[in-house]
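Everything below concerns the one structure shown next.
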Amino acid sequence: MFARRRFAVLKNLLEYVGIEPGRLHFSWISSAEATKFQDTVIKVTDAVKELGPAQRMVKDIRRVA
């Protein structure tokens with residue numbers, strides 16, 4: 001329960017600073033559940049790839065000062 005509350009606070013903070021909610025995931029996985037861990041990592045990675053590059057908090061290195 002404590003971790004879930006901390007996650008909720010972190011998620012709200014990240015949304016406040018402009019990080020899309022889809023970039024943060026929380027899942028309960030036992031160390032004995034390797035297949036579930038692998039599936040979760042693949043799903044999260046695919047979801048973040050779908051979002052594309054972050055629009056905020058990313059320095060545009062193409063601009064020359």
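Values quoted throughout were computed directly from the atomic coordinates according to the rules given, and no laboratory measurement underlies them. Quick caveat: nothing in here was measured; it's all calculated off a predicted structure. Note: ideal-geometry Cβ built from the backbone for every residue, glycine included; neighbour counts use all protein chains shown.
In what sequence do K43, K49 fall when counting other Cβ within 10 Å, fewest first? Before the final figure, lay out the partial values.
Working: K43 12, K49 8.
The fewest-first ordering by Cβ neighbours comes to K49, K43.
Subtracting the Cα-Cα distance from 0.36 nm times the residue separation, let me have the gained length for A32 to R56 in nm, one decimal. It would help to have the intermediate numbers written out before the result.
Details: separation 24, 0.36 × 24 = 8.64 nm, distance 3.70 nm.
Stretched fully, the A32-R56 segment lengthens by 4.9 nm.
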Listed residue (V44, H25, L10) projecting farthest to the positive dipole end of the chain, Cβ model: L10
The residues E20, E50, sorted from fewest to most surrounding Cβ atoms within 10 Å, come out as E50, E20
For q = 0.25 Å⁻¹, Debye-computed log10 I/I(0) when each Cα of region 2-51 counts as one equal scatterer: -0.98
